[in-house]
């Protein structure tokens with residue numbers, strides 16, 4: 001006997017046929033029912049403000065290898081071994097601004113990032129440059145105030161500017177000082193280093209202008 005329209009069964013059936021995630025409450029309450037087979041291999045942490053899917057590697061020191069975090073605003077963030085995946089990459093699975101709107105989107109995220117493919121996932125060059133820059137800055141911050149590490153701090157400061165020059169053409173004061181020291185020792189040697197590209201340094205003309213500006217400021 002067919003069930004009459006308007007029953008709880010009809011409401012549930014219609015709801016299951018609708019792919020849209022209404023809000024965070026809908027996600028948090030219904031994900032086990034809607035995407036059960038996709039979450040079997042994931043560990044889950046449910047909170048009022050976020051839903052977290054993650055995988056734990058316990059072969060050595062326990063480590064979260066991959067995690068998918070969904071905020072109460074349905075914003076999605078993915079981390080692989082503590083490195084956050086770029087939003088631009090996630091937008092291939094989601095709508096703009098990395099917002100989760102459909103159950104099918106979540107299925108694709110869980111399926112892809114739960115596979116071995118994530119171990120070969122590549123980022124853009126800008127991502128790796130930014131990561132290297134941040135790591136060097138963190139290292140420099142950790143050495144702050146230690147008198148016996150001045151030489152190392154100077155070298156780190158030089159490296160930070162070298163990495164930064166890959167993104168914007170702004171020379172730090174320390175880099176200009178090092179470049180000018182090389183120039184004073186040998187202008188021909190400076191030209192050779194500049195032409196080789198092994199270091200990012202100002203051209204001879206730029207260097208002299210920077211030194212002139214620096215002298216005016218100090219004067």
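No value in this document is a laboratory result; all are computed from the given coordinates. As the structure is a computational prediction, the values presented were derived from the model and not from experiment. Note that we place each Cβ from the backbone using ideal geometry, even for glycine, and neighbour counts take in every protein chain shown.
Table for the structure above
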| item | result |
| --- | --- |
| Net length gained if the chain between residue 87 and residue 173 were fully extended (0.36 nm per residue, minus Cα distance) | 27.6 nm |
| Rounded tilt (10° steps) of 150-164 against the dominant C-alpha axis of the chain | 60 |
| Principal-axis tilt of helix 187-196 within the chain, Cα atoms, nearest 10 degrees | 20 |
| Linear extension gain, residue 127 paired with residue 59, 0.36 nm per residue minus alpha-carbon span | 21.6 nm |
| By average C-beta atoms within 10 angstrom, highest first, the peptides 105-114, 31-40 | 105-114, 31-40 |
| Helix 173-185 vs. the chain, principal-axis angle (Cα, 0 to 90°, nearest 10) | 40 |
| Pairs of alpha carbons in the chain whose separation is greater than 28 Å (percent) | 54 |
| CD proxy at 222 nm, helix term only [per DSSP H run n ≥ 4: -39500 (n - 2.57); per residue of the chain; nearest 500] | -15500 deg cm²/dmol |
| Overall Cα dimensions of segment 28-105, principal axis frame, Å, largest first | 37, 30, 23 |
| FRET efficiency for residue 166 and residue 69, using Cβ-Cβ distance with R0 set to 22 Å, rounded to 0.05 | 0.15 |
| Label zone at residue 46, where the point sits 7 Å out along the Cα-to-Cβ direction: segment 54-85 residues whose backbone N lies under 20 Å | 54-56, 67-77 |
| Average Cα contact separation per residue, the chain, under 8 Å, 6 or more apart, as relative contact order % | 11 |
| Sites residue 77 and residue 29 - FRET efficiency at Förster radius 25 Å, r taken between beta-carbons, to 0.05 | 0.75 |
| Share of pairwise Cα separations in segment 150-219, more than 18 Å, in percent | 39 |
| Sites residue 115 and residue 135, calculated FRET efficiency, Cβ-Cβ separation with R0 25 Å, nearest 0.05 | 0.35 |
